[in-house]
Structures are given as C-alpha cells and as structure tokens.
Amino acid sequence: MPEEPEGPREEAEPAASSPWPTGHRFAERTRAKHSTIHALLAAGHSKRSVARQLGMTLNTIMRFSRATTPEEMFTGQWQNRATRLDDYKPYLDQRWQEGCTNAWKLWKGIKEQGYHRGYASVRNYVSRNLRGKPQPIGPRPPSARAVTRWILTHPDALPEGDRIQLKAVLAICLELTALVDYVRSFAHMVTELQGDRLPEWIASARTTNNLPSLSRFAQHLERDLDAVIAGLTLPWSSGVVEGHVNRIKMLKRQMYGRAGFDLLRKRVLLAR
C-alpha cells in the first residue's frame, strides 16, 4: 500500500534568526557538518558508512540526518542556558547606555557586586550583544589622563573649562575628592618646603581605607622618612645632577648600535 504523501512542511527560519548567527565559528562548523552528512546520505552511503568516514558516532549522524536544516541543531545548546552573568546583564546594559563601553571597567563593576567569574564572559557578552547597540549622544567622559592632569595642576593655573569639568567629576566620586585634598596638600609641602608636616600627612593617609594606593604610598615614604623630610625641607637639590644623568642616558640610547669612526670623526669636527 503506497504511503500517504506528507503534508507541507513549515518553512524553516533563516540562519540570521538562529541563536548562532552567520559568522559564528560553532554555527559555521555545524552547518558544514550538516551539509557534508546530507550530501553523503544523498549519494547513497549508509549512516554507518558516513559515521566511519567522518569519524563520528552513529548517534551523531542520526541526529544530523533527522535535522532538515542546520539551525535545528542549535536549539537547546549552551548559549540558551542560564549563566551566572544573567543577573548582572541589566546593570551591564544600563552602564553601556550611560556611556561606559570598556569591558574591563564593566567587569570590575559587577565584580564589586559579587560576580566571581572571569573577565572573558563579560568581554564576550559586550562583543556579541552590546557592540551593535547605539550609544547615547552626549559629551564623552574625560579620560583618566585628563583627570590626573587636572588634579596635579595648581588650581590657580587650571583653565576655567578644566576647572568646571574637574568639579563635575569630583561631585560624582567622593573617593577622588578625598584624593585631591591629599595630593594638593602634599604638593604644598613640596613647593613650600614644609617637610615638618610630612609625618602628620603620612599618619592621615595611612588611615584611608577607601584609598589603598595612597595608603601604600604613605607606607613607602616611612621606609626612608628622614631622607624624604630632608628633601622637603632643605633648599639644596640634586635636580641638576639628575638632569645631566638623564641627558647622558638619552644620548646613550640614541647612539646605541651606531658607534663608529665615521661618526666619531663627524662629532669631533662639529665640536671645533
């Protein structure tokens, strides 16, 4: 008795709507396997023969043979499973919209909230899910180098525009505000030769729990406290000598690998 013809099959979704889009290495590998297996089966090879030729198990060949399209093999794979990053994705999306597009900073942000996995998962999420999203139109946040320059510049010598931007940055970060006070008080000791205030400054800096780098810097100053106090108090300085040493080192780096009689002769002639 002839078999009844099968009803019309539903048209498969295009590859672009699959969990693995075109260009994904796992997707392309699965599509290549699916095409090869179906080509061998269409040529008359048995499933066992295809398994031997491709070095796969018979169960794998069976699963591929039952899939009319390679996209059917994508369902239920690892990319659809819940991950530990799921709870932090709303935060990552929000920070991305706020203008933070650095994957390392985003990872540091969720790490402080209790995320204990590595940086790679955040980097992959950013590259696959956030890179294509439009970023908000607005002023670009200042770089760390610019903020550092503003802090190290004397307030009276800071242009008005930089002063306004620094004020806006300090209003957001309270730890940075405390750091500015320590930096400027230390700079005042250096320029005014007030080394007698250094022990008090160190004692205060050592108690800052929210500024570990500043606390370590103060701890290092204590290792040679007398010399540092002398450098911040006495009018003499070895800056001239250090300048000459730096100039000699620069000349040595410039001349490395180029020494010879021709160059020596030229330098002697130019010195006359």
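Please work out if THR191 is more than 18 Å from ARG145 (Cα to Cα), at pLDDT below 85 and either open to solvent by less than 50 Å² (accessible area, probe 1.4 Å) or among the β-branched types (Val, Ile, Thr) (or both).
For THR191, the condition - more than 18 Å from ARG145 (Cα to Cα), at pLDDT below 85 and either open to solvent by less than 50 Å² (accessible area, probe 1.4 Å) or among the β-branched types (Val, Ile, Thr) (or both) - is not met.
Kindly list the number of the only condition in (1) within 26 Å of ARG163 (Cβ to Cβ); (2) within 29 Å of the chain's Cα centre (by Cα); (3) surrounded by 12 or more Cβ atoms within 10 Å (Cβ to Cβ) that fails for SER204.
Unmet condition: (2).
Six or more apart or on different chains, Cβ under 6 Å: which pairs go from a residue in segment 101-123 that's within 14 Å of TYR91 (Cβ to Cβ) to one that's open to solvent by 70 Å² or more (accessible area, probe 1.4 Å) and outside any helix (DSSP H, G or I)? Could you list them?
Partner pairs satisfying both residue conditions: none exist.
State the number of residues belonging to segment 208-236 that are assigned to a loop (DSSP other than H, G, I, E, B) and out of contact with any helix residue (DSSP H, G or I) (no Cβ under 7 Å at 6 or more places or on another chain).
5
Within segment 220-269, count every residue that is open to solvent by 80 Å² or more (accessible area, probe 1.4 Å) and of a type in the set (Val, Ile, Thr).
Qualifying residue count for the region: 3.
Considering each of PRO19, PRO70 in turn, give the residue that is over 30 Å from PRO142 (Cα atoms), at pLDDT below 75, surrounded by 14 or more Cβ atoms within 10 Å (Cβ to Cβ) and in contact with a helix residue (DSSP H, G or I) (Cβ under 6 Å, 6 or more places away or on another chain).
PRO19
Quick grid of which residues meet (1) at pLDDT below 85; (2) open to solvent by less than 90 Å² (accessible area, probe 1.4 Å):
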residue: ARG81; (1), (2): yes, no
residue: GLY99; (1), (2): yes, yes
residue: ALA103; (1), (2): no, yes
residue: VAL122; (1), (2): no, yes
residue: ARG128; (1), (2): yes, no
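Condition test on ASP226, is it modelled with pLDDT of 85 or more and over 33 Å from the mean Cα position of the chain (by Cα)?
Answer is yes for this residue.
Hey, any hits in segment 156-168 for a residue that's touching a Lys or Arg at 6+ places or on another chain (Cβ under 9 Å), hydrophobic (A, V, I, L, M, F, W, C), loosely packed, with under 12 Cβ neighbours inside 10 Å and assigned to a helix (DSSP H, G or I)?
No; the residues of segment 156-168 include none that is touching a Lys or Arg at 6+ places or on another chain (Cβ under 9 Å), hydrophobic (A, V, I, L, M, F, W, C), loosely packed, with under 12 Cβ neighbours inside 10 Å and assigned to a helix (DSSP H, G or I).
Hey, could you check segment 22-51 for residues that are assigned to a helix (DSSP H, G or I), loosely packed, with under 12 Cβ neighbours inside 10 Å and of a type in the set (A, V, I, L, M) and say which is modelled with the lowest pLDDT?
ALA32
Pairs, please: C-beta under 8 Å, at least 6 apart or cross-chain, first residue closer than 15 Å to THR191 by Cβ and in segment 228-250, second assigned to a loop (DSSP other than H, G, I, E, B) and open to solvent by less than 80 Å² (accessible area, probe 1.4 Å)?
Hits for this filter: LEU232/LEU193; LEU232/GLN194; THR233/LEU193; THR233/GLN194; LEU234/LEU193; PRO235/LEU193.
So PHE186 ticks every box in (1) closer than 23 Å to ARG149 by Cβ; (2) loosely packed, with under 14 Cβ neighbours inside 10 Å; (3) not acidic (Asp, Glu) but one. Which box is left unticked?
Just one mismatch for PHE186, condition (2).
The values are calculated or read from the model by the stated rules, or taken from the named source; none is laboratory data. Values in this document were obtained by computation on a predicted structure and should not be read as measured data. Positions of Cβ are generated from backbone atoms using ideal geometry, with glycine treated the same way; all protein chains shown enter the neighbour counts. Note: accessible area is taken over every heavy atom of the protein model, side chains too, but ligands, DNA and RNA are not part of it. Shrake-Rupley method; radii C 1.70, N 1.55, O 1.52, S 1.80 Å.
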